[in-house]
1. Based on what the data block shows, is residue 22 closer than 23 Å to residue 142 by Cβ, more than 16 Å from the chain's Cα centre (by Cα), open to solvent by less than 40 Å² (accessible area, probe 1.4 Å) and not β-branched (Val, Ile, Thr)?
2. Out of (1) within 23 Å of residue 10 (Cβ to Cβ); (2) in contact with an Asp or Glu (Cβ under 9 Å, 6 or more places away or on another chain); (3) not charged (D, E, K, R), the odd one out for residue 116 is which?
3. Would you point out the residue of the stretch 72-110, among those that are touching a Phe, Trp or Tyr at 6+ places or on another chain (Cβ under 7 Å) and more than 19 Å from residue 177 (Cβ to Cβ), that is most open to solvent (accessible area, probe 1.4 Å)?
4. May I ask you to verify whether residue 36 is modelled with pLDDT under 95 and at negative phi?
5. In the stretch 37-49, is there at least one residue being touching a Leu at 6+ places or on another chain (Cβ under 6 Å), within 21 Å of residue 126 (Cβ to Cβ) and small (Gly, Ala, Ser)?
6. Which one of the conditions (1) at pLDDT below 95; (2) touching a strand residue (DSSP E or B) at 6+ places or on another chain (Cβ under 8 Å) does residue 66 fail to meet, given that it meets all the rest?
Amino acid sequence: VPVDLKAFFNGKGIFKDGVTFGEDSGFDGGGAAYPAALLNAALNWKNVTFNLGAAGEASVIECKGQTLPLAEGNYASMWLLGAAIDGNQMGQNLTVNYADGSTQTLSQNFSDWLVPEDFPGESRVVKTDYRLMSNGAKDPRAFYVYSYGFTLDSKKTIKSLTLPDNPNVKLLAVTLAK
């Protein structure tokens, strides 16, 4: 069950080739973004579907400790799609909030989008051949999108997810699985 994040996207991180955008925009907030030509609007990885935001529109969540409401239900796992910027972001805590008032803390290291570290729970989903710069140019290095998988308490009804308070952790999609 892909989570609809449109109302929570607070940054633009995917653009079409040749398009210019603000130097303070992009996935990294500093004028660099993922190329839409190398990402599908719906990525499928290990039987998990991730729905991405549209190119040129808000498509990234910069984590600032916000709480995202989720489709209430019983799920066995949760999958995040994203990456870190400005280096690896270590020991980031996410909190799953259940309907009965209990919580589950999930700790994860997030690799920088340029340098995959293969942290436990992290997988490389997409390797792009380049990233886009705000002036429309291509930076010809490889950049990555990662998946992060977590086991949930499937006997409890999930309610929401509280993100880490670290704007260097960026999310593109969240999916829940039975």
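1. Judged against the criteria, residue 22 is not a match.
2. So residue 116 meets the others, but not (1).
3. Selected residue: 88.
4. When the stated conditions are applied, residue 36 does not pass them.
5. For the stretch 37-49, residues touching a Leu at 6+ places or on another chain (Cβ under 6 Å), within 21 Å of residue 126 (Cβ to Cβ) and small (Gly, Ala, Ser): present.
6. So the condition that residue 66 fails would be (1).
The values are calculated or read from the model by the stated rules, or taken from the named source; none is laboratory data. Because the structure is a prediction, the values reported are computed rather than measured. Glycine also receives a Cβ, built like all others from the backbone with ideal geometry; neighbour counts cover every protein chain displayed. The area values use the complete protein model at the heavy-atom level, side chains included, leaving out ligands, DNA and RNA. Shrake-Rupley method; radii C 1.70, N 1.55, O 1.52, S 1.80 Å.
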